[in-house]
Amino acid sequence: MIGGGQLARMMIPAAVNLGIDIRVLAEQPGMSAELAASAVGDYHDLDTVAAFADTVDVITFDHEHVPQEILRALVARGVAVHPGPDALLYAQDKLLMRQRLTELGLPVPDWARVENPDELDAFLAEHGGRAVVKTARGGYDGKGVRVVAHKHEADDWFQALAEDANGGALLVEELVDFRRELAQVVARRPSGDIRSWPVVETVQRDGVCAEVVAPAPHSSGRLAEVAEQIARRVAEGIGVTGVLAVELFETTDDRLLINELAMRPHNSGHWSIDGSVTSQFEQHLRAVLDLPLGDTATREPWSIMVNVLGGPAQGSMSDRYAGAFAAHPSVKVHNYNKAPRPGRKIGHVTAVGADLDEVAYQARATAAFFQD
Ligand code: ADP
């Protein structure tokens, strides 16, 4: 795995259970996946990545940031890379993603490529005077996303593009009037088989995922089928291998529009560790190794995952274990061993059960132990 964050960390127990030797190329010492970090090095450096790749059978990722030229050089050396560069491209660049999804006939918000404030102005004029501007590359957790009502409100980003030798453009989108945000997570193995978990509802606060409800309430029937169809068409159309998360808007007029793609285990699938027969981490391993995929049935009618954001003002999550464990013995706590910092995801908790209100209370109350 390239990248030493919490996704790599949560892959480790799944690999240990299957007796798969997992190795991690971490960006720096002391990262979340340090337990398995057999190497520390810069993923922008071909020699470092190639030396690491020579020690494994398959390369996969904790994030989407490994440059295309490095990915392509690995493929040229005969390394199995999953997902491959042709798919990852669309998780790396939101403009290319919007373009490809449009070509595939998949539902996306109205969008345009804009290179200057006047082009932004034209889009604003056609979309009721408000729009969402996004940087094509490098955004995460809402950084690189801005609601604008005036053509000069993205000038700093246009300026940065002008100074960038590669040039480029910004993505502008209609401000979608959505009822809620959903996510459809699926896994696809190279030989083609696809398995999906139920569509989930994701609750975002300040551009960061706060909570996930699985399955999404009121999603039985056609809504679930449409969400799954969309994700399958993305996975097949783009040739994704491994886990794919498709973030969706459910609009107030009952459409599903694709917001974002992630080609790796995703926050919206963390509930599956405790709530599904096969977790997204085990499934990702099965998929990238081209093994038959596991059953994605839910263990209980409801699972709710709540992120621990920021963490305790003093000390660490584990200082609060005694109180949290005593109060909520059925809730599962996942600690990424990351230093608390305002807004940072340092862990999550998952509750499962038959009563949605009870499951939500237990998950939220447990997460509250770890936050001040
Ligand atoms: P990131 O890559 O940083 O996660 P996203 O593109 O997922 O950024 O956007 C972050 C959040 O901003 C979304 O979860 C959603 O709440 C809001 N958002 C993004 N695009 C739109 C849009 N076109 N209309 C309305 N809200 C949006």
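The values are calculated or read from the model by the stated rules, or taken from the named source; none is laboratory data. Small disclaimer: the values here were computed from a predicted structure and weren't measured. Note that we place each Cβ from the backbone using ideal geometry, even for glycine, and neighbour counts take in every protein chain shown. With ligands, DNA and RNA removed, areas are computed over all heavy atoms of the protein, side chains included. Shrake-Rupley method; radii C 1.70, N 1.55, O 1.52, S 1.80 Å.
The table below gives the values:
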{"item": "Pairs where the first residue, in segment 249-261, is over 15 Å from Val199 (Cα atoms) and more than 10 Å from the ligand (Cβ to nearest atom) and the second is open to solvent by 10 Å² or more (accessible area, probe 1.4 Å) and outside any loop (DSSP other than H, G, I, E, B), C-beta under 6 Å, 6+ apart", "result": "Thr252/Arg179"}
{"item": "Selected residue (criterion: farthest from the chain's Cα centre (by Cα)) from residues of segment 206-223 that are within 16 Å of the ligand (Cβ to nearest atom) and aliphatic (A, V, I, L, M)", "result": "Ala216"}
{"item": "Any hit, segment 356-366, residues being in contact with a helix residue (DSSP H, G or I) (Cβ under 7 Å, 6 or more places away or on another chain) and at pLDDT below 95", "result": "no"}
{"item": "Residue within segment 182-198 that is open to solvent by 20 Å² or more (accessible area, probe 1.4 Å), within 11 Å of the ligand (Cβ to nearest atom), within 18 Å of His266 (Cβ to Cβ) and assigned to a strand (DSSP E or B) present", "result": "no"}
{"item": "Residue among Ala73, Ala91, Ala87 that is in contact (Cβ under 8 Å) with a residue 24 or more places away in the chain, among the aliphatic types (A, V, I, L, M) and in contact with a strand residue (DSSP E or B) (Cβ under 8 Å, 6 or more places away or on another chain)", "result": "Ala91"}
{"item": "Selection count, segment 227-271, where residues are part of a helix (DSSP H, G or I) and either among the acidic types (Asp, Glu) or surrounded by fewer than 17 Cβ atoms within 10 Å (Cβ to Cβ) (or both)", "result": "5"}
{"item": "Long-range neighbours under 9 Å by Cβ, at least six apart or interchain, first residue farther than 18 Å from Phe249 by Cα within segment 106-123, second part of a loop (DSSP other than H, G, I, E, B) and within 15 Å of the ligand (Cβ to nearest atom)", "result": "Arg113/Ala136; Phe123/Asp110"}
{"item": "Condition met for Met263 (at pLDDT 95 or above, of a type outside the set (Asp, Glu) and more than 25 Å from Phe369 (Cβ to Cβ))", "result": "yes"}
{"item": "Options Val147, Val203, Val133: the member that is of a type in the set (A, V, I, L, M, F, W, C), within 23 Å of His63 (Cα to Cα), within 12 Å of the ligand (Cβ to nearest atom) and open to solvent by 40 Å² or more (accessible area, probe 1.4 Å)", "result": "Val203"}
{"item": "Condition met for Ala87 (open to solvent by 30 Å² or more (accessible area, probe 1.4 Å) and among the small types (Gly, Ala, Ser))", "result": "no"}
{"item": "Residue pairs meeting the criteria (Cβ under 9 Å; at least 6 apart or on separate chains; first farther than 20 Å from Gln204 by Cα, in segment 338-363; second open to solvent by 10 Å² or more (accessible area, probe 1.4 Å) and part of a strand (DSSP E or B))", "result": "Lys338/Lys345; Val352/Thr298; Val352/Trp302; Val352/Lys332; Gly353/Trp302; Ala354/Trp302; Asp355/Trp302; Glu358/Trp302"}
{"item": "Given (1) assigned to a helix (DSSP H, G or I); (2) open to solvent by less than 30 Å² (accessible area, probe 1.4 Å), index of the condition Glu282 fails", "result": "(2)"}
{"item": "Number of the exception - Leu171 against (1) surrounded by fewer than 18 Cβ atoms within 10 Å (Cβ to Cβ); (2) in contact (Cβ under 8 Å) with a residue 60 or more places away in the chain; (3) within 10 Å of the ligand (Cβ to nearest atom)", "result": "(1)"}
{"item": "Unique residue being within 23 Å of the chain's Cα centre (by Cα), over 30 Å from Val58 (Cβ atoms) and of a type in the set (Gly, Ala, Ser) when the list is Ala262, Ala351, Ala297", "result": "Ala351"}
{"item": "Counted residues, segment 327-342 - those being out of contact with any strand residue (DSSP E or B) (no Cβ under 6 Å at 6 or more places or on another chain) and surrounded by fewer than 19 Cβ atoms within 10 Å (Cβ to Cβ)", "result": "7"}
{"item": "Long-range neighbours under 6 Å by Cβ, at least six apart or interchain, first residue more than 12 Å from Val240 (Cβ to Cβ) within segment 185-205, second within 16 Å of the ligand (Cβ to nearest atom) and assigned to a loop (DSSP other than H, G, I, E, B)", "result": "Val199/Ala216; Val200/Ala216; Glu201/Ala216"}
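Residues checked against (1) open to solvent by 50 Å² or more (accessible area, probe 1.4 Å); (2) modelled with pLDDT of 95 or more; (3) of a type outside the set (Lys, Arg):
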{"site": "Phe52", "(1), (2), (3)": "no, yes, yes"}
{"site": "Ala80", "(1), (2), (3)": "no, yes, yes"}
{"site": "Arg98", "(1), (2), (3)": "no, yes, no"}
{"site": "Asp121", "(1), (2), (3)": "yes, yes, yes"}
